[in-house]
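Take a look at the structure below.
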Amino acid sequence: MDLNIANPATGCQKLIDIEDEKRVISRGFHDKRMAQEVSGDFLGDEFKGYVFRITGGNDKQGFPMKQGVLLPHRVRLLMSKGHSCYRPRRTGERKRKSVRGCIVGSDLSVLSLVIVKQGEQEIPGLTDTTVPKRLGPKRASKIRKFFASREAESEYKQLLAKRVKESKQQKIERRRTSSMQKSASA
């Protein structure tokens, strides 16, 4: 079984392979649902003090877990636009798809977790490094909050300033007359 652990504070994620999956499932994750918080003490000493939230997973055949299906096995649901685990190809299309329930069982191959509370030790590749954000904020108030200082005020003013091309010469104003006027005056 694999644990896909994400850290929203640093933007990193790491896939950890667990050899003794039956012990891990029976101790900490057995009969837990998606969106429940679980202590990470039973995973080992490096996860002592960590608290994780279960965000999803896939079973051994690749079917995803779906929030709201309160079963520990696979079911077939009629899905339409707006459901998770389904993307309609045409407008109004509905389709019966196989999904796994939101209760953790022993037939999972990957379980996705998010760090809610960081523990005592650093996990290499997950909590010790930060991934820079690819895109900056667009809204002015968010830019101010992002820079978080008065000294940087000139910086975000320059970011917000629209560069307007000034024309070097004034354009000559021309009047347009209709073709009827031209023919009537001639």
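The values are calculated or read from the model by the stated rules, or taken from the named source; none is laboratory data. From a predicted model like this one, the values you see are computed outputs, not experimental measurements. Counting neighbours? That spans all protein chains shown, and the Cβs are built from the backbone with ideal geometry, glycine included.
Looking only at the range 39-63, filter to residues that are among the aromatic types (Phe, Trp, Tyr) and surrounded by 15 or more Cβ atoms within 10 Å (Cβ to Cβ); which one of those is nearest to Lys97 (Cα to Cα)? The residue in question is Phe63. Only residues that are under 23 Å from the mean Cα position of the chain (by Cα) and polar (S, T, N, Q) were counted across the range 72-105, and they come to 2.
For every residue, the table says whether it meets (1) at negative phi; (2) of a type outside the set (Phe, Trp, Tyr).
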site: Leu78; (1), (2): yes, yes
site: Pro88; (1), (2): yes, yes
site: Gly92; (1), (2): no, yes
site: Ile123; (1), (2): yes, yes
site: Pro132; (1), (2): yes, yes
site: Phe146; (1), (2): yes, no
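Scanning the range 91-109 for any residue that is touching a Gly at 6+ places or on another chain (Cβ under 9 Å) and surrounded by fewer than 12 Cβ atoms within 10 Å (Cβ to Cβ) turns up nothing. For the range 134-152, check the following and say yes or no: at least one residue is touching a Lys or Arg at 6+ places or on another chain (Cβ under 7 Å) and part of a loop (DSSP other than H, G, I, E, B). No, every residue in the range 134-152 fails to be touching a Lys or Arg at 6+ places or on another chain (Cβ under 7 Å) and part of a loop (DSSP other than H, G, I, E, B).
Filter the range 65-90 down to residues that are in a loop (DSSP other than H, G, I, E, B) and aliphatic (A, V, I, L, M) and give me whichever is surrounded by the most Cβ atoms within 10 Å (Cβ to Cβ).
Of all residues in the range 65-90, those in a loop (DSSP other than H, G, I, E, B) come to 66-73, 80-90.
Then drop every residue that is not aliphatic (A, V, I, L, M), which leaves 69-71.
Values: Val69: 18, Leu70: 9, Leu71: 13.
Checking each candidate, the answer is Val69.
In the range 1-38, the qualifying residues are those that are in a strand (DSSP E or B) and not hydrophobic (A, V, I, L, M, F, W, C), and the one that is surrounded by the fewest Cβ atoms within 10 Å (Cβ to Cβ) is Asp17. Taking Ser106, is it closer than 22 Å to Gly28 by Cβ, at pLDDT below 95 and among the hydroxyl-bearing types (Ser, Thr, Tyr)? Spelling it out, Ser106 is indeed closer than 22 Å to Gly28 by Cβ, at pLDDT below 95 and among the hydroxyl-bearing types (Ser, Thr, Tyr). Please tell me if Val131 is surrounded by 14 or more Cβ atoms within 10 Å (Cβ to Cβ) and of a type in the set (A, V, I, L, M, F, W, C). The answer is no for Val131. Does Phe52 satisfy the criteria of being hydrophobic (A, V, I, L, M, F, W, C) and free of Cβ contacts under 8 Å to residues at least 40 places away in the same chain? So Phe52 fails the test. Among residues of the range 29-49 that are of a type in the set (S, T, N, Q), those with a Cβ under 8 angstrom from a residue that is modelled with pLDDT of 90 or more and part of a loop (DSSP other than H, G, I, E, B), sequence gap 6+ or separate chain, pair up as Ser39/Tyr50.
Residues of the range 44-54 include at least one that is in a strand (DSSP E or B), β-branched (Val, Ile, Thr) and touching a helix residue (DSSP H, G or I) at 6+ places or on another chain (Cβ under 8 Å). In the range 123-142, the residues that are touching a residue at least 60 places away in the same chain (Cβ under 8 Å) form Cβ pairs under 9 Å with partners that are among the small types (Gly, Ala, Ser) and not in a loop (DSSP other than H, G, I, E, B), at six or more places apart or across chains, as follows: Leu126/Ala6. Only residues that are among the charged types (D, E, K, R) and either touching a residue at least 12 places away in the same chain (Cβ under 8 Å) or within 21 Å of Arg33 (Cβ to Cβ) (or both) were counted in the range 82-105, giving 6.
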